[in-house]
Amino acid sequence: MSTIVSTIPGASAGRAAPNRTRHIAFVMELQAGMGTHYQNWRRIVEQEPDIIPTWAPISYYQKGGWIEQLKFLPREVRAVWRCVRQLEAGLGGKRYDSVLFSTHNPAVAYPPAVRSQRAFLMFDVTPRQYDMMAPWYAHVPDGNTWLAKYKHRRVRDTFHSAAGLLAWSHWAAQSAIEDYGVDPQRVQIVPSGVDTSLWKPAIQGSRTEDGIVRILFTGYMFLRKGGDLLLRWAKETSRKNWELHIVTSEGMKTPPGVVLHTGMRSNSPELIALAQRCDLFALPTRADCFSIASLEAMAVGMPVITTTVGGIPDIIRDGENGYLIAPDDYDALSDRLNTLIDSASLRKSLGNRARETVCQHFEARDLVKRGLHIMDTES
């Protein structure tokens, strides 16, 4: 496993950025982890004195909207139509020094926004990769049909039309290169990050020391994130000195020792406070593109147990700042949980290195500035 680097092999870091005011539009998706990504970028960009930002949030939905009332159209068609309307309204027909898309989806939905502007595309997954994880995302791939081939050409053309691609991970970058023929020189790694001034260890002496090891799980799609494996462990384990905290959107019946939290919002003080009370983070996910939740837990100083899916191996160095296991490997999950529950010193050493990893490689402010620098220097 390797720590994330600033560029993939052969990519250019760019020329020195000129000191000038820039008008930049940010087309930002709002779903799930993308909402956290949007919050971080907006908070940091708006503190930059040399940038005049325009924000175009994309939700793919408008409550009570006339498009949403056209029930005879497939939901996907209505969502794309709404995306185009939100994009047009957000950009306002103006020209900008640069436009950043937080995912490629709006750019693919409305190619003129890329072809008529100096546009950069961020992405944590490509459509080809997403199709491979389709069952876990309630997504139906198009298969080997004319529609699938058309969509593939549309994505490929959008990738090639952009001024640059900012991939969250080496996994996503390689798909852009291998599956869509993008020149490696035009792809750079700019992952989503964490605000370490918000996500930080609890103040020394503020935690209750009662001998209970508190395990945190955060996953709004409970089954995809492997939450059922943790419930199985909670029912079968012989360990007594633990408490499992599950943050999710789904109500459920839980066994003794499991505390359910619903309704917590990303970056909320309540979620951060809960993380600061916990000792380790477990996310035995079956399908993921990246894991902002793991980065947040690491920033608080927790070791992480998670899986080798998607871009997660860019985050975790197995045995150094946490543990990587194969998806659905219940025995490995149980072993790592038991190992960390039994050793406070191991939890502390792995947790300290986890915090160091985030501060060195995944600090949101540094990554936003890097993205802005690339947009200002790449031709």
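The values are calculated or read from the model by the stated rules, or taken from the named source; none is laboratory data. Every value quoted in this text rests on a predicted model; they were computed, and no experiment measured them. Note: ideal-geometry Cβ built from the backbone for every residue, glycine included; neighbour counts use all protein chains shown. These accessible areas exclude ligands, DNA and RNA; they are computed on the full protein's heavy atoms, side chains included. Shrake-Rupley method; radii C 1.70, N 1.55, O 1.52, S 1.80 Å.
So which residues in the range 124-170 are of a type in the set (D, E, K, R) and part of a loop (DSSP other than H, G, I, E, B)? Explain how you work it out, then say what you get.
Start the filter on the range 124-170 by keeping residues that are of a type in the set (D, E, K, R), which leaves 124, 128, 131, 142, 149, 151, 153-154, 156-157.
Those that are of a type in the set (D, E, K, R) and part of a loop (DSSP other than H, G, I, E, B): D124, D142.
How do the pairs read when you match residues in the range 239-252 that are within 21 Å of A273 (Cα to Cα) with residues anywhere that are aromatic (F, W, Y) and assigned to a strand (DSSP E or B), using Cβ under 6 Å and keeping only pairs 6 or more apart or on different chains?
I246/F217
Condition test on G301, is it more than 21 Å from the chain's Cα centre (by Cα) and either at positive phi or without any contact (Cβ under 8 Å) to a residue 24 or more places away in the chain (or both)? First the steps, then the outcome.
Numbers: more than 21 Å from the chain's Cα centre (by Cα): no; either at positive phi or without any contact (Cβ under 8 Å) to a residue 24 or more places away in the chain (or both): yes.
For G301, the condition - more than 21 Å from the chain's Cα centre (by Cα) and either at positive phi or without any contact (Cβ under 8 Å) to a residue 24 or more places away in the chain (or both) - is not met.
Applying the selection to the range 224-269, what residues are touching a His at 6+ places or on another chain (Cβ under 9 Å) and not polar (S, T, N, Q)? Please lay out each step first, then the result.
If we filter the range 224-269 for residues that are touching a His at 6+ places or on another chain (Cβ under 9 Å), which is where we start, we get 245-248, 258-261.
Those that are touching a His at 6+ places or on another chain (Cβ under 9 Å) and not polar (S, T, N, Q): H245, I246, V247, V258, V259, L260, H261.
Can you tell me which residue is surrounded by the most Cβ atoms within 10 Å (Cβ to Cβ) among those in the range 230-251 that are in a loop (DSSP other than H, G, I, E, B) and small (G, A, S)? Before the answer, list the steps.
So the first thing to find is which residues in the range 230-251 are in a loop (DSSP other than H, G, I, E, B), and the list is 237-241, 248-251.
Add one more test, that the residue is small (G, A, S), and what stays is 238, 249, 251.
Working: S238: 5, S249: 11, G251: 8.
Going through the qualifying residues, I end up with S249.
Taking strands (runs of 3 or more DSSP E) that fall entirely within the range 252-330, which contain at least 1 residues that are modelled with pLDDT of 95 or more, open to solvent by less than 40 Å² (accessible area, probe 1.4 Å) and under 22 Å from F123 (Cβ atoms)?
Working: elements: 258-261, 280-283, 304-307, 322-325.
It comes to 280-283, 304-307.
Being open to solvent by 20 Å² or more (accessible area, probe 1.4 Å) and under 21 Å from the mean Cα position of the chain (by Cα) is the filter here, so list the residues in the range 73-108 that pass it.
N105, V108
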